[in-house]
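The values are calculated or read from the model by the stated rules, or taken from the named source; none is laboratory data. Everything numeric in this text was worked out from a predicted model, so none of it was measured. Methodologically, a virtual Cβ is constructed for each residue, glycine included, from the backbone with ideal geometry; neighbour enumeration extends over all protein chains shown.
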């Protein structure tokens, strides 16, 4: 029986900033389809008498956040695991600038749930985003159509203790409740994945921290990741073992793009870290067994 899983599918916080990722968000992915009239209509002949499905869908989506950036679905936050004081302090040690982040993204101001820092919102708070919306005439030129249907794809990133299946049910129930009676609405669940977290005092993580310090010559920091790696949860569910996310890339290395690259200093530092990790692991595992 294996003791743990080691995956190098994560990034460090930045160049020359060794860090260990210990948490991933989960995902609930849904699709909404709004149907109004039984066929596309002429907006001049029928506009003003029929609720436009695009407008109705937009009204639904607009109700999914309040003025403070919180998701309005009842029960959405019920199972969210709060950050510990140790985690909050660890996040504060990371070199971060909201102003720089906004400038890099080309936005004038950041947006999100009030009461939390940007890193906390990115890594440890659940979110709801509209990933796509379509309906009616979208080609070149003009066509005065009042469409029969409009659709949207919406994803929700989840944090530890939330269930993708439960959130899907809460989402569908809420959408059907707030949908206007002038239209019909269908909600489909397209995909779900669970959040994952490995305790920062677990033997695998402590061994990784010691290895990173030897491989890069600096005390590593702690971070989470806003994305998802579903297999991490399956390893925990099926085998009962934790996963250590020990990656050596950087956030700006264009992951999955044709010009993806890796910093050579991180590459060689990663080789040394991997060697140190396997040397460190036995003693950390043994120490954990003694504590039991």
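Examine region 259-266 for a residue that is within 26 Å of residue 216 (Cβ to Cβ), in the same structural domain as residue 10 (by TED's automatic domain parsing) and touching a strand residue (DSSP E or B) at 6+ places or on another chain (Cβ under 6 Å), and state whether such a residue exists. Yes.
Taking region 71-150 as the region of interest, the helices (runs of 4 or more DSSP H) fully inside it that hold 2 or more residues being closer than 30 Å to residue 169 by Cα are 118-123.
For region 248-260, check the following and say yes or no: at least one residue is in a helix (DSSP H, G or I) and modelled with pLDDT of 90 or more. No, there is no match, as no residue in region 248-260 is in a helix (DSSP H, G or I) and modelled with pLDDT of 90 or more. I'd like to check something: does region 212-233 contain any residue that is within 24 Å of the chain's Cα centre (by Cα), over 27 Å from residue 256 (Cα atoms) and surrounded by fewer than 17 Cβ atoms within 10 Å (Cβ to Cβ)? No, region 212-233 contains no residue that is within 24 Å of the chain's Cα centre (by Cα), over 27 Å from residue 256 (Cα atoms) and surrounded by fewer than 17 Cβ atoms within 10 Å (Cβ to Cβ). The selection criterion, being assigned to a strand (DSSP E or B), under 15 Å from the mean Cα position of the chain (by Cα), assigned by TED's automatic domain parsing to the domain that holds residue 130 and surrounded by 14 or more Cβ atoms within 10 Å (Cβ to Cβ), holds for residue 154.
Across region 157-182, the qualifying residues are those that are in a loop (DSSP other than H, G, I, E, B) and out of contact with any strand residue (DSSP E or B) (no Cβ under 6 Å at 6 or more places or on another chain), and the one among them that is nearest to residue 69 (Cα to Cα) is 159. Taking region 227-246 as the range and being in contact with a strand residue (DSSP E or B) (Cβ under 7 Å, 6 or more places away or on another chain), part of a loop (DSSP other than H, G, I, E, B) and at pLDDT 90 or above as the test, the residues that pass are 241, 246. Flag not set for residue 62, criterion: in the same structural domain as residue 176 (by TED's automatic domain parsing), more than 29 Å from the chain's Cα centre (by Cα) and either free of Cβ contacts under 8 Å to residues at least 12 places away in the same chain or buried (at least 20 other Cβ atoms within 10 Å of the Cβ) (or both).
In the condition set (1) modelled with pLDDT of 95 or more; (2) assigned by TED's automatic domain parsing to the domain that holds residue 234, residue 170 is compliant with all but (2). Here residue 203 meets the list (1) under 18 Å from residue 244 (Cα atoms); (2) surrounded by fewer than 21 Cβ atoms within 10 Å (Cβ to Cβ); (3) out of contact with any strand residue (DSSP E or B) (no Cβ under 6 Å at 6 or more places or on another chain) almost entirely, failing just condition (2). Remark: residue 69 falls outside the filter, which requires a residue to be closer than 24 Å to residue 215 by Cα and surrounded by fewer than 17 Cβ atoms within 10 Å (Cβ to Cβ).
For residue 138, which of the numbered conditions (1) out of contact with any strand residue (DSSP E or B) (no Cβ under 9 Å at 6 or more places or on another chain); (2) surrounded by 11 or more Cβ atoms within 10 Å (Cβ to Cβ) fails to hold? Residue 138 satisfies every listed condition except (2).
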